[in-house]
Amino acid sequence: MHVPSPPQLRLVGFLLAVAIGGGVVWLLFGSDLDAVREVIDEAGAWGPLVYVGLHVLLTLVPVSKNVLALAAGALFGLTAGIALSWVGSMVSAAVTFAIARRIGRTAVAAMTGDRLERAEGLLREEGFNAVVMARLTPVLPFTILNYGAGVSAVAWRPYLLGTAIGALPGSVGYAALGASAGSDARTYVIAGVVAGVIFLSAFLAARAGSRRRTSA
């Protein structure tokens, strides 16, 4: 039986503390967009950084990335909302991946349960195409996939590149939906169509790449 080393135990303790903090933040603000808007408004020019920080904190626990993208669109408008949602997703993905890689599979499995095996199954090809496909397939939460990738054989570069593409359609679509609330929706419908095109293109390209790799 593997016994975690003291450094691993410290990291697990740190992660649990952050996860608890993320849960508290979600309970306080996650269901109250006005409260989030007030916090960000009070931050002034630091508002975008506050949003990204909250995004990272909340996605250390299984909070829906799509809800955060909706909030970005509602708080910052279409263009900035898309950009901040995507940046938040990338930073969150990198942070969670690094934590998982450091604390190891045993600790991650204790937090995620049987969903870890599902994440590893999606990433069994260990490459860029697998990451894109996993991001575009709404099977597992964003956070669980981050942790699963961190303890898989997927390297940093294909993981980040695959995430950059795979996270883009959701960032565009949900930020557009959030920005369209109470306003002329035509621009945001177009953004939604763009998100659909990006999704379909990325999905087909990743699937074709996977088939070529399998047949090689």
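The values are calculated or read from the model by the stated rules, or taken from the named source; none is laboratory data. If you're wondering where the values come from, they're calculated on a predicted model, not measured in any experiment. Counting neighbours? That spans all protein chains shown, and the Cβs are built from the backbone with ideal geometry, glycine included. Heads up: the accessible areas ignore ligands, DNA and RNA and are worked out on the full protein's heavy atoms, side chains in. Shrake-Rupley method; radii C 1.70, N 1.55, O 1.52, S 1.80 Å.
A few remarks follow.
- Subset of region 78-103 that is open to solvent by less than 20 Å² (accessible area, probe 1.4 Å) and touching a residue at least 60 places away in the same chain (Cβ under 8 Å) - its residue that is nearest to VAL154 (Cα to Cα): PHE97
- Those residues of region 67-124 which are closer than 30 Å to LEU49 by Cβ and among the hydroxyl-bearing types (Ser, Thr, Tyr), in sequence order: THR79, SER85, SER89, SER92, THR96, THR112
- Among the residues of region 121-140, those identified as open to solvent by 50 Å² or more (accessible area, probe 1.4 Å) and either farther than 20 Å from ALA72 by Cβ or touching a residue at least 24 places away in the same chain (Cβ under 8 Å) (or both) are LEU122, ARG124, GLU125, GLU126, PHE128, VAL139.
- One residue stands out among those in region 35-56 that are closer than 20 Å to LEU168 by Cα and not aromatic (Phe, Trp, Tyr): the one that is least open to solvent (accessible area, probe 1.4 Å), which is HIS55.
- So GLU125, is it modelled with pLDDT under 85 and not in a helix (DSSP H, G or I): yes
- Members of region 44-60 that are under 26 Å from THR112 (Cβ atoms) and free of Cβ contacts under 8 Å to residues at least 12 places away in the same chain: GLY53
- PHE29 assigned to a helix (DSSP H, G or I), at pLDDT 85 or above and of a type in the set (Phe, Trp, Tyr): no
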